[in-house]
Amino acid sequence: MNNFIKYYWITFGLLCAVGGWMGYHKAGSVISLIAGGLCGLILIIAGVRSTRFPRWAAVLAIVVSLVMLSRFIPTYLTKKKPMPAIPVIVLSVVSLGLAVVRYRKSE
């Protein structure tokens, strides 16, 4: 389970970074590039450090997952466009659940 969580966060981080780049490339949104890159980097760090510092990694993943949810749920509710909101919401909810499990197991 620990390796799954590690690779999930790394993959989710890469997807966030790529999504930020796509937002910049498609819409010229510099904030998408910065936010996606930063969230992606934090998730990658959480994944890489999750075996040695599981509680800190879980906290980082919880924070990023909540930030992503707070950004994409309102966007989906107002614009009703499923892409990229629905995949990011699903990935964030799964990440949040894994982070809570990881945090509780590291006590």
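List of remarks:
- Hits among lysines - C-alpha to C-alpha of LYS81 under 24 Å, sequence gap 8 or more where chains match: LYS26
- Rounded if a/c under 1.5, otherwise prolate or oblate - segment 2-105, Cα gyration tensor axes: prolate
- Gain in span if fully extended, LYS80 to ILE34, counting 0.36 nm per residue against the direct Cα distance: 14.2 nm
Each reported figure results from applying straightforward, stated rules to the coordinates on display, with no laboratory input. On a predicted model such as this, the values are computed, not experimentally measured, just so you know.
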